[in-house]
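**Student:** First the structure, which I've put down as structure tokens, then a few questions once you've had a look.
Laboratory data are not the source of any read-out in this text; all were calculated from the coordinates shown. None of the values given here were measured: they were computed from a predicted structure.
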Amino acid sequence: MAAHHNLDCSHIPFEMPKRKCTLYQNWKHLTFMHWRVDIEKLKPHIPEGLEIDL
């Protein structure tokens, strides 16, 4: 995968890595599914310190 050195990254609050990428992610063939779920049933599955934002 070719690097895009001409992209404006000035809005990013950290320095971009200088080395070549070692990981590639492809966002093709995805499905996002949504169901209504009672928040009280979700809470036991949320890590401590996090909260559900509705």
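**Student:** Rounded, prolate or oblate for the chain? Axes are the square roots of the Cα gyration tensor eigenvalues, ordered a ≥ b ≥ c, and the cut-off for rounded is a/c under 1.5.
**Tutor:** Since a/c reaches 1.5 and a/b is larger than b/c, the shape of the chain is classed as prolate.
**Student:** So what's the back-of-envelope 222 nm ellipticity for the chain, counting only DSSP H runs of four-plus at -39500 (n - 2.57) apiece and dividing by all residues, rounded to 500?
**Tutor:** When only DSSP H runs of four or more count, the value is -1000 deg cm²/dmol.
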